[in-house]
Amino acid sequence: MANVQIQLVFDKMTTNKKRVKVWRIGSFTKNFRWGKEIDGLKRLYDAINVGFSGKLHPVLRSTFRDRLRKRGFIDYIPANFFVFNQNINGEDLIVVDELVYQAVKFDHTENFDRLAIFALLLSEAGKWKGATQEQENPSEWARFFVLEDLSQLEKWTPDLYSADRIESYLNGKKEFEGNTRKLATNLSYFFNKGNLSDLREIESPDWFSSAIFLALDRYYLKSLPPAPSVGWAIDALTENDVVDLTGPMSEFQLEMQKSIAKLYLSVHQVERFQGDGGEVGKTIFAVLNRNPALIKSLPGITQRWLESRLFVEIFSSKDEMKKVIDGNYQKEIQLAVEKIHNSLPKPSLSGDDVIALFRGEDDNN
């Protein structure tokens, strides 16, 4: 029954809307020299840190690329496929969003790799001078392979995104232009490096919250709505099939996105990256609706905006959060046991009555 419900939700949520007429490879097939297999996508993590010089401030696109080239990176892949570009007052900038925040503020982990895969699948790179529509949505071939070939499956095992399977998919798409084999090989390699098969098999639940934040960052920066609301956020996530890009379909993720969207609006969208170094430099952890599966790491500046929000609990560290949540869990168990105990029938005989009863049985014998 659960699978039927999930399928019904999937049919309702997925639009598979084509945004560009032509899918081009761009520079994705250039050799990025991703490094050892055990390193995952750390080279991309390092590239973002080099490009931003380890700071949460927008950087000129030309400066970002120069910094990467000087350190031996292929600059086009991070700049054109993973980070977000904006032309502001005539200047081409690469701006701070959730992917940059997670790279600059935290150690490299598998959660960053999952977020980087998700960034590629979002296929939202922003605008710069001379950018075409195909460059604004540069990885539609990855996005629609997942939406049309994987998202309805219960598991995303590596055999399902092999080079042969990706090539077969691309050969059937009239939108695609380019060398299907070369792209299929590179994309399959990238998916394996980032462990696409583990996208939902996570130890830390805050990666999904970060994915929703990243999507909303880019939709917000792209359209700059004057009065963003939870309704705007849910519409943007739904119209762009965002949950379908985060792993095999799950009702839980569909339910989570509204609470995460509410949190996103509460921390003032990308304003959460502004403020003095101390506020942004500090990290807090938000737990939504007292649910330990709904966690989000945030810049410290957001604490002032969340203190009056009843659906959020704020912690200064994950250890503190775990201690409080575990303590509350134990209290709830104790209260539940007491409730059951109090609901049980109470004995009507006293101790003396019981003794007398047994003595009476002995006398009769």
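The values are calculated or read from the model by the stated rules, or taken from the named source; none is laboratory data. Treat the numbers as computed from the prediction; the structure is a model and nothing was measured. Methodologically, a virtual Cβ is constructed for each residue, glycine included, from the backbone with ideal geometry; neighbour enumeration extends over all protein chains shown. Accessible surface is based on the protein model in full, side chains and every heavy atom, while ligands, DNA and RNA are left aside. Shrake-Rupley method; radii C 1.70, N 1.55, O 1.52, S 1.80 Å.
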Seminar exercise, completed: P(r) over all Cα-Cα pairs of the stretch 33-184, 10 Å bins from 0 to the longest distance, whole percent per bin, short to long, reads 11, 36, 36, 17, 1
Seminar exercise, completed: With all protein chains present, the stretch 71-184 has a carbon and sulfur share of its accessible area (1.4 Å probe) in percent of 43 percent
Exercise. Which value in nm describes the separation of the simple spin-label points at Ser316 and Leu265, placed 7 Å from the Cα toward the beta carbon?
Worked result: 3.2 nm
For this session: Give me the distance in nm between label points sitting 7 Å out from Cα along the Cα-to-Cβ direction at Arg33 and Arg181, one decimal.
Result: 2.7 nm
Exercise. Quick one: which of 85-93, 108-116, 287-295 comes out on top by average Cβ neighbours within 10 Å, and what's the full order, highest first?
Worked result: 108-116, 287-295, 85-93
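May I ask for the equivalent-ellipsoid semi-axes of the stretch 118-214, computed as the square root of five times each C-alpha gyration tensor eigenvalue and listed largest first in whole Å?
Values: eigenvalues 101, 80, 23 Å².
Taking √(5λ) for each Cα gyration eigenvalue gives 22, 20, 11 Å.
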Exercise. According to the square roots a ≥ b ≥ c of the eigenvalues of the Cα gyration tensor, what is the shape class of the stretch 131-280, taking rounded for a/c under 1.5, prolate for a/b larger than b/c otherwise, and oblate for the remainder?
Worked result: prolate
Seminar exercise, completed: A correct Karplus calculation of ³J(HN,Hα) over the stretch 108-121, with 6.51 cos²θ - 1.76 cosθ + 1.60, θ = phi - 60°, whole Hz and x for Gly and Pro, returns 5, 9, 5, 5, 5, 4, 5, 5, 5, 4, 4, 4, 5, 5
Exercise. Whole-Hz Karplus ³J(HN,Hα) for the stretch 140-146, in order, using 6.51 cos²θ - 1.76 cosθ + 1.60 and θ = phi - 60°, x for Gly and Pro?
Worked result: 4, 4, 6, 4, 7, 4, 5
Problem set entry | Per-bin percent of Cα-Cα distances, the stretch 37-106 [5 Å] | 3, 18, 32, 26, 14, 4, 1, 0, 0
Exercise. Averaged per residue, what accessible surface does the stretch 55-144 expose to a 1.4 Å probe, in Å²?
Worked result: 36 Å²
Problem set entry | Estimated inter-spin distance, Asp235 and Lys21, nm [label 7 Å along Cα→Cβ] | 2.7 nm
Seminar exercise, completed: P(r) of the stretch 202-266 over all Cα-Cα pairs, 5 Å bins starting at 0, rounded to whole percent, reads 3, 17, 33, 27, 12, 5, 2, 0
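Tell me, what % of the accessible area of the stretch 215-293 is carbon and sulfur with a 1.4 angstrom probe?
Working: 1600 of 3000 Å².
Carbon and sulfur atoms account for 53 percent of the accessible area of the stretch 215-293.
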Seminar exercise, completed: Per the Kirkwood formula over distinct C-alpha pairs, the hydrodynamic radius of the stretch 94-171 in angstrom is 14.4 Å
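Distances longer than 15 Å among the Cα atoms of the stretch 30-78: what percent of all pairs is that?
So the pairs more than 15 Å apart make up 41 percent of the total in the stretch 30-78.
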Seminar exercise, completed: Hydrodynamic radius by Kirkwood for the stretch 161-249, inverse mean 1/r across distinct Cα pairs, in Å, is 15.4 Å
Seminar exercise, completed: Ordered by number, the GluC sites (Glu not before Pro) in the stretch 134-189 that occupy a DSSP loop and have at most 16 other Cβ atoms within 10 Å are Glu154, Glu175
Exercise. What is the extension gain from Asp164 to Asn89, computed as 0.36 nm multiplied by their sequence separation minus the C-alpha to C-alpha distance, in nm to one decimal?
Worked result: 22.5 nm
